[in-house]
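Q: Sending over a structure as structure tokens; questions will come in a sec.
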Amino acid sequence: MRTQVVIIGSGPAGLLLGQLLHTWGIDNVIVERKDRDYILGRIRAGVLEQGAVAQMDEVGAGARLHREGLVHHGIEIAFEGKRHRIDMHGATGGKTVTVYGQTEVTHDLMEARAAAGRVTIYDADQVTPQGFDGDAPRVSYVKDGVTHEIACDYIAGCDGFHGVSRQSVPAAALHEFERVYPFGWLGLLSDTPPVSPELIYTRHERGFSLCSMRSKTRSRYYVQCRLDDDVARWSDDMFWDELRRRLDPAAAETLVTGASLEKSIAPLRSFVAEPLRFGRLFLAGDAAHIVPPTGAKGLNLAASDVHYLAQGLREAYADKSQAGLDAYSARALARVWKAERFSWWMTTMLHNFPDTDDFTARIQLAELNYVVESQAATASLSENYVGLPY
């Protein structure tokens, strides 16, 4: 088989890239080692910047997002028993975010790809990018015991942190930056109405908590927990009791509880690999970087990577120019590092660290008070949260 671009990975990054390329008449094939149901079964966050929403519209996959997504004009930050609303819409000249689950984004992009008749190969074993340091890149894989090979012009590695794309790059060619945080998030999904119409980020002596949602009837809640904690020891009642302790009195009083649909513990890390280009192989999304979820940037960074990469590929084919691809790594990383900074800052300001002493706790509170009292600080948080321009 031959195509113009092979995309490894059928998460949001790979699917969005595939649809953008299809829109511009660039042939592409997606190779995925898991099956479709596994991809759709992954529970992930879903706070979309306006740039990501615009890209969904561009590829014709935004209709359900606009029908069912929840447009948010602000967030709430709680500390010392009180909630403070951050008016992001007012602070950014009218920008918003949209709450729409990553699973739903993936589903919509899968449907758009199927309607376009583009090829996606699921259950592909031993996926291996080859020849990307020369002029004849290709991707091999095993399907039903038979080895196949796809020749192409370019390879896009969109297969996540543990994927084969970054692992195929010689170690000497990579510079990896990482910070592993000494705690995790215990998350619970339930068919209960959200405790608040907007997200509540809480800094508390017992640990951070987040009240989020997937819809007007489905909620997602998180509490900071030990990194080595065991989700099996957390009954639903234990989770709800702990969450109540960390909320302000009004939220604790109105919290509606119910049976969990899913519970899991997610570790937090910051990670960036540089550069993002290796000959004819390009990394995008979680294959290239990870952010702690505190800043709601993971899916949005994947979308911005795809924006830069798709533009570069479009120039390569339409204009016979390599300028966009040559600039891809630097352009994408400039935005990545700003999002890494914001996510690190939010995480540092809102969580309890093992070495948090009285001085550090007072600094956290001073920072939070400054954020909610200063127009400049509120504007800075809002500008980053709604998404920096591409």
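Q: Which condition does residue 85 not pass, out of (1) closer than 30 Å to residue 26 by Cβ; (2) over 23 Å from the mean Cα position of the chain (by Cα); (3) in contact (Cβ under 8 Å) with a residue 40 or more places away in the chain, if it passes all the others?
A: It is condition (1) that residue 85 fails.
Q: A further question on this structure: Test residue 105 against the stated conditions and say whether it is at negative phi, in the same structural domain as residue 294 (by TED's automatic domain parsing) and crowded, with 20+ Cβ neighbours inside 10 Å.
A: Details: at negative phi: yes; in the same structural domain as residue 294 (by TED's automatic domain parsing): yes; crowded, with 20+ Cβ neighbours inside 10 Å: yes.
The answer is yes for residue 105.
Q: Separate question: Which ones in region 1-58 are part of a helix (DSSP H, G or I), among the hydrophobic types (A, V, I, L, M, F, W, C) and touching a strand residue (DSSP E or B) at 6+ places or on another chain (Cβ under 9 Å)?
A: Residues of region 1-58 part of a helix (DSSP H, G or I): 12-23, 36-41, 50-58.
The next check asks that each one be among the hydrophobic types (A, V, I, L, M, F, W, C); those that pass are 13, 15-17, 20-21, 39-40, 52-54, 56.
If the condition is that a residue be part of a helix (DSSP H, G or I), among the hydrophobic types (A, V, I, L, M, F, W, C) and touching a strand residue (DSSP E or B) at 6+ places or on another chain (Cβ under 9 Å), then 13, 15, 17, 21, 52, 53, 56 are the ones that fit.
Q: Please tell me if residue 46 is modelled with pLDDT under 95, surrounded by fewer than 17 Cβ atoms within 10 Å (Cβ to Cβ) and under 19 Å from the mean Cα position of the chain (by Cα). Walk me through how you get there before you give the answer.
A: Details: modelled with pLDDT under 95: yes; surrounded by fewer than 17 Cβ atoms within 10 Å (Cβ to Cβ): no; under 19 Å from the mean Cα position of the chain (by Cα): yes.
Answer is no for this residue.
Q: Follow-up. Of all residues in region 1-30, how many are buried (at least 21 other Cβ atoms within 10 Å of the Cβ) and more than 17 Å from residue 317 (Cα to Cα)?
A: Residues that pass the stated criteria total 10.
Q: Would region 287-304 turn up any residue that is over 30 Å from residue 204 (Cβ atoms), in a helix (DSSP H, G or I), among the small types (Gly, Ala, Ser) and out of contact with any Gly (no Cβ under 9 Å at 6 or more places or on another chain)?
A: Looking only at region 287-304, we keep the residues that are over 30 Å from residue 204 (Cβ atoms), and these are 287-288, 302-304.
Those left that are additionally in a helix (DSSP H, G or I): 287, 302-304.
Cutting the leftovers down to among the small types (Gly, Ala, Ser) gives us 287, 302-304.
Filter again for out of contact with any Gly (no Cβ under 9 Å at 6 or more places or on another chain), leaving none.
No - not one qualifying residue is present in region 287-304.
Q: I'm told residue 39 meets every condition in (1) modelled with pLDDT under 95; (2) in contact with a Cys (Cβ under 7 Å, 6 or more places away or on another chain) except one. Can you identify the failing condition by its number?
A: (2)
Q: Turning to a different aspect of this structure: If you check 132, 79, which single one turns out to be closer than 18 Å to residue 378 by Cα, surrounded by 19 or more Cβ atoms within 10 Å (Cβ to Cβ) and over 24 Å from the mean Cα position of the chain (by Cα)? Full working, then the answer.
A: Working: 132 fails: closer than 18 Å to residue 378 by Cα.
Answer to the selection: 79.
Q: What is the one condition in (1) in a loop (DSSP other than H, G, I, E, B); (2) buried (at least 21 other Cβ atoms within 10 Å of the Cβ) that residue 212 does not satisfy?
A: (1)
Q: Here is a further query. Given (1) touching a Gly at 6+ places or on another chain (Cβ under 8 Å); (2) within 24 Å of residue 154 (Cβ to Cβ), identify the lone condition not met by residue 15.
A: With respect to (1) touching a Gly at 6+ places or on another chain (Cβ under 8 Å); (2) within 24 Å of residue 154 (Cβ to Cβ), residue 15 is out only on (1).
The values are calculated or read from the model by the stated rules, or taken from the named source; none is laboratory data. Since the structure is predicted, the reported quantities are computational estimates derived from the model, not experimental observations. With ideal geometry, Cβ positions are generated from the backbone for all residues, glycine too; neighbour counts draw on all protein chains shown.
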